[in-house]
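Below is one structure, written out as structure tokens, with a few remarks after it.
The values are calculated or read from the model by the stated rules, or taken from the named source; none is laboratory data. Fair warning: this is a prediction, and the values are worked out from it, not measured in the lab. Backbone-built Cβ (ideal geometry, glycine too); neighbour counts: all protein chains shown.
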Amino acid sequence: MNDVCGLILAAGQGKRMNSKYAKVMHALKGKPIIDYCIEAAQGVTDDITVVVGSNREEIEDHLSGKVKLCIQENQLGTGDAVKSAVELLPDSGTVLVMPGDVPLIKQETIKRLLTYHRNGGYAVTMLSCIMRDPSGYGRIIRDTSGNVKSIVEDRDASSEIKLIKEINSAVYCFDAQCLKKSLNMIKNDNDQGEYYLTDTIAIIGDMGRTIGAFIGDACELSGINDRVQLSGLEKEINKEIVECWMRAGVTVIDPDTTYISAEAKFGRDIILKPGTIIEGSSVIADDAVIGPYTRIDSSSVGHGTSVTYSVMWDSSVGENCTVGPFAYLRPNSHVANKVKIGDFVELKNSSIGEGTKVPHLAYVGDADIGSGVNFSCGAITVNYDGKVKHRTKVGDRAFIGCNSNLVAPVEVEDRAFVAAGSTITDKLPKDALGIARSRQTNIEGWVTKKFKDQEV
């Protein structure tokens with residue numbers, strides 16, 4: 001829709017968030033609040049301007065190159081915010097104005113609002129809703145014909161007006177020409193000393209133009225003023241996502257303790273146990289079992305794999321693997337099929353070949369481990385020399401004994417064995433046994449001599 005431009009107001013200080021960060025940059029389901037509003041507006045236009053003010057550097061850094069930006073130097077109300085962007089607005093067509101803190105609003109709702117606006121031939125159409133408790137919201141005043149006369153802010157409303165349940169969502173479609181003309185006529189003679197965008201409604205009505213109000217879903221129009229409201233919306237969105245995946249074939253044992261990001265993807269017949277957190281663009285394949293109390297962030301889990309009491313991020317695990325309990329897969333860890341990553345195992349920037357077992361109490365960092373390897377209890381790759389990280393390579397079907405140290409850069413070739421307790425610093429050839437430890441020496445009677453006058 002080439003004749004529509006979007007204007008998103010994000011200059012508010014968000015004092016009730018009690019934060020050093022801009023309100024619209026607080027995360028909801030893993031992404032800033034402002035992103036949801038931009039995505040909603042993109043349903044009708046690609047020409048979007050965001051008005052910024054307080055903490056603008058943070059917002060500008062995030063939105064640079066994505067939308068147009070303008071600055072409201074002084075926060076003197078919503079009318080002043082729109083005035084600050086007036087030079088970026090067209091002289092004709094439709095201007096969509098919306099706040100930057102209504103993340104639940106849907107593209108379809110914006111499209112319906114615009115259609116209603118056009119079909120009615122209105123100079124301005126607002127998105128309204130009916131609220132059980134309208135406290136704090138501007139009330140919509142209609143005439144006897146049902147047309148909108150004005151909007152009265154809650155702080156300026158009489159006791160009679162406060163009984164009205166229909167409220168203004170602060171989402172509008174304006175005729176561009178009417179908007180620009182009315183902006184020059186608004187005044188700040190109110191108890192806040194601010195320029196209200198809502199005052200343009202009565203002004204446009206006095207021009208003899210009709211004003212419409214399209215009633216939407218109150219749930220979509222919930223704004224965010226503090227962290228309590230942010231948490232409430234987080235829970236509401238997560239509930240919708242979890243239920244959607246349950247209907248698509250995912251078993252969620254306890255939906256109240258399961259968190260799923262909007263970008264995550266799932267196959268069928270997956271089981272998510274209590275305390276499971278799936279974040280980022282994670283992909284979970286058919287028949288996987290995740291949890292309990294497991295976090296997977298921006299990672300993939302293959303068919304039939306189980307991950308228990310573990311954390312993985314920016315990593316991948318293949319098919320029919322077991323991970324955990326209490327495993328930690330750090331970024332760029334890639335596990336092939338039929339692998340066992342056991343309890344208290346940490347992987348970092350490493351690849352693990354098919355059928356390999358790292359059963360417990362091991363660290364594999366900056367390493368390439370082949371197929372069919374047994375990486376025993378307490379074995380570690382010593383990857384850091386104090387200045388540089390080095391890689392370790394272990395060939396197929398090698399055996400790394402308990403409590404061994406592989407000091408990188410080093411290679412253990414195919415089918416080589418490392419004896420328990422060894423520290424390997426040189427290349428271990430194929431089919432060889434590497435032993436790097438002192439020979440045991442027994443000194444008979446040492447304890448008796450050492451502690452002859454003490455009870456041991």
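Yes or no, residue by residue, for (1) touching a residue at least 24 places away in the same chain (Cβ under 8 Å); (2) crowded, with 17+ Cβ neighbours inside 10 Å; (3) in the same structural domain as Asp368 (by TED's automatic domain parsing); (4) not aromatic (Phe, Trp, Tyr):
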residue: Val382; (1), (2), (3), (4): yes, yes, yes, yes
residue: Gly386; (1), (2), (3), (4): no, no, yes, yes
residue: Asn405; (1), (2), (3), (4): yes, yes, yes, yes
residue: Glu411; (1), (2), (3), (4): no, yes, yes, yes
residue: Asp414; (1), (2), (3), (4): yes, no, yes, yes
residue: Ser422; (1), (2), (3), (4): no, yes, yes, yes
residue: Arg439; (1), (2), (3), (4): no, no, no, yes
residue: Trp446; (1), (2), (3), (4): no, no, no, no
residue: Glu455; (1), (2), (3), (4): no, no, no, yes
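Scan the stretch 320-337 and give yes if some residue there is under 16 Å from Gly267 (Cα atoms) and touching a residue at least 24 places away in the same chain (Cβ under 8 Å), otherwise no. No, every residue in the stretch 320-337 fails to be under 16 Å from Gly267 (Cα atoms) and touching a residue at least 24 places away in the same chain (Cβ under 8 Å). Among the candidates Ser281, Ser231, the residue that is assigned by TED's automatic domain parsing to the domain that holds Gly318 and free of Cβ contacts under 8 Å to residues at least 40 places away in the same chain is uniquely Ser281.
If we scan the stretch 168-179, do we find a residue that is part of a helix (DSSP H, G or I), among the aliphatic types (A, V, I, L, M) and modelled with pLDDT of 95 or more?
We begin by selecting, within the stretch 168-179, every residue part of a helix (DSSP H, G or I); these are 176-179.
Cutting the leftovers down to among the aliphatic types (A, V, I, L, M) gives us 176, 179.
Then drop every residue that is not modelled with pLDDT of 95 or more, which leaves 176, 179.
Looking through the stretch 168-179, at least one residue is part of a helix (DSSP H, G or I), among the aliphatic types (A, V, I, L, M) and modelled with pLDDT of 95 or more.
Would you check if Leu197 is surrounded by 18 or more Cβ atoms within 10 Å (Cβ to Cβ), closer than 22 Å to Tyr137 by Cβ and not assigned by TED's automatic domain parsing to the domain that holds Val97? It is false that Leu197 is surrounded by 18 or more Cβ atoms within 10 Å (Cβ to Cβ), closer than 22 Å to Tyr137 by Cβ and not assigned by TED's automatic domain parsing to the domain that holds Val97.
So in the stretch 210-262, with the set limited to residues that are of a type in the set (Asp, Glu) and within 17 Å of the chain's Cα centre (by Cα), which one is modelled with the lowest pLDDT? Even if it seems obvious, please write down each step before you answer.
Within the stretch 210-262, the subset of a type in the set (Asp, Glu) is 217, 220, 226, 234, 236, 240, 243, 254, 256.
So of that shortlist, the ones also within 17 Å of the chain's Cα centre (by Cα) come out as 234, 236, 240.
Values: Glu234: 92, Glu236: 89, Glu240: 92.
Applying the filter and picking the extreme gives Glu236.
Go over the candidates Ser19, Ser92 one by one and state the one that is polar (S, T, N, Q), surrounded by fewer than 19 Cβ atoms within 10 Å (Cβ to Cβ) and within 22 Å of Leu114 (Cα to Cα). Walk me through how you get there before you give the answer.
On the way: Ser19 fails: within 22 Å of Leu114 (Cα to Cα).
Answer to the selection: Ser92.
Would you check if there is a residue in the stretch 87-100 being free of Cβ contacts under 8 Å to residues at least 60 places away in the same chain and in contact with a Pro (Cβ under 8 Å, 6 or more places away or on another chain)? The answer is no, given that none of the residues of the stretch 87-100 is free of Cβ contacts under 8 Å to residues at least 60 places away in the same chain and in contact with a Pro (Cβ under 8 Å, 6 or more places away or on another chain).
The listed residues are Ile105, Ile130, and the only one of them that is crowded, with 22+ Cβ neighbours inside 10 Å and hydrophobic (A, V, I, L, M, F, W, C) turns out to be Ile105.
Hey, among the residues in the stretch 58-89 that are aliphatic (A, V, I, L, M) and surrounded by fewer than 16 Cβ atoms within 10 Å (Cβ to Cβ), which one's nearest to the chain's Cα centre (by Cα)? Spell out the reasoning first.
To start, the set of residues in the stretch 58-89 that are aliphatic (A, V, I, L, M) comprises 59, 63, 67, 69, 71, 76, 81-82, 85-86, 88-89.
Still in the running and surrounded by fewer than 16 Cβ atoms within 10 Å (Cβ to Cβ): 71, 86, 88.
On the way: Ile71: 27, Val86: 33, Leu88: 31 Å.
That would be Ile71.
Go through the residues of the stretch 49-56 one by one and say whether even a single one is modelled with pLDDT of 95 or more, surrounded by fewer than 23 Cβ atoms within 10 Å (Cβ to Cβ), assigned to a strand (DSSP E or B) and touching a helix residue (DSSP H, G or I) at 6+ places or on another chain (Cβ under 7 Å). The answer is yes, given that some residue of the stretch 49-56 is modelled with pLDDT of 95 or more, surrounded by fewer than 23 Cβ atoms within 10 Å (Cβ to Cβ), assigned to a strand (DSSP E or B) and touching a helix residue (DSSP H, G or I) at 6+ places or on another chain (Cβ under 7 Å). Scanning the stretch 235-254 for residues that are of a type outside the set (A, V, I, L, M, F, W, C) and crowded, with 17+ Cβ neighbours inside 10 Å gives a single hit, Asn238.
For Val289, indicate whether it is under 18 Å from Leu347 (Cβ atoms) and out of contact with any Pro (no Cβ under 7 Å at 6 or more places or on another chain). Answer is no for this residue. Scan the stretch 236-243 and give yes if some residue there is touching a residue at least 40 places away in the same chain (Cβ under 8 Å) and under 22 Å from Ser310 (Cα atoms), otherwise no. Yes, the stretch 236-243 contains at least one residue that is touching a residue at least 40 places away in the same chain (Cβ under 8 Å) and under 22 Å from Ser310 (Cα atoms).
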